[in-house]
1. Compute the helix-to-body angle for 96-105: its Cα long axis versus the longest principal axis of the chain, expressed 0 to 90° and rounded to tens.
2. Work out which trypsin sites (Lys or Arg not before Pro) in the chain are exposed loop sites (DSSP not H, G, I, E or B, at most 10 other Cβ within 10 Å) and give the longest gap free of them.
3. Report relative contact order for the chain in percent, whole number only (criteria: Cα-Cα under 8 Å, sequence separation at least 6).
4. Using amide H atoms built 1.01 Å from N in the peptide plane, name the residues 5+ places from Gln24, or on other chains, whose amide H lies under 5 Å from its own.
5. Using the alpha-carbon atoms, what tilt in degrees (0 to 90, nearest 10) does helix 56-65 show relative to the longest principal axis of the chain?
6. What whole number of Å gives the distance from the Cα centroid of the stretch 91-140 to the Cα centroid of the stretch 69-88?
7. Using alpha-carbon pairs under 8 Å, 6+ residues apart, how would you state the relative contact order of the stretch 63-140 in percent?
8. What is the angle, in °, between the Cα long axis of helix 34-45 and the longest principal axis of the Cα atoms in the chain? Nearest 10 is fine, range 0 to 90.
Amino acid sequence: MSVVLGGQTGYSGIVRGLQVKAGQHVLVHGGSGSVGLMAIQAALDAGAEVSATASGWGLQMLREKFPQVTVFDYKTDDVAANGAVYDAVYDTVGSDRVLAASFKATKQNGHVLSIVARSHRDPRFVHFFNQASGETVQILLDGLSSGRFISVIDSELPLSADNVLLLC
């Protein structure tokens, strides 16, 4: 489920929405969620330098699985402390505080994509709506089977009507 829904959104936002290229510096807010996790991997796959935000278990997981990624604890670290250093920011969180920090940390010619915020007056804001694609699912499945991408499962639930409703 996380690969099909979150994976497509994360991958497509990096590849189609932000059009990340090699050498760019990308920040992914909410890096330990299904969307953020695939966004990180898609950006790394494109040759970008990647930073991400997370906390707790997600922070530790990202640091362990992706040592090449700079991981910030969103509860204590200020991602905009170094000024406008990012070419692209992918916001999977959507709070006003995160969006404001995203624009502060983005270069003047950079872009901010949010899967939560629908619009923003800043011209760097990227309007993006993910459209499901069999082609993208195939790319993700090929990447998972080859080891180019990974999926992280933090818990498993028994199949039941209550648990299916919990996922919806």
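1. With rounding to tens, the tilt is 60 degrees.
2. Counting at most 10 other Cβ atoms within 10 Å as exposed, the longest clean stretch of the chain is 1-74.
3. Once divided by the residue count of the chain, the mean separation gives 21 percent.
4. Amide H to amide H, under 5 Å and 5 or more residues apart or across chains, Gln24 pairs with Glu49.
5. Approximately 90 degrees, to the nearest 10.
6. 16
7. Contact order relative to length: 23 percent.
8. Roughly 60 degrees between the two axes.
The values are calculated or read from the model by the stated rules, or taken from the named source; none is laboratory data. Everything numeric in this text was worked out from a predicted model, so none of it was measured. All Cβ positions, even for glycine, are placed from backbone atoms using ideal geometry, and neighbour counts span all protein chains on display. Quick note on the areas: whole protein, heavy atoms, side chains included, nothing else; ligands and nucleic acids left out. Shrake-Rupley method; radii C 1.70, N 1.55, O 1.52, S 1.80 Å.
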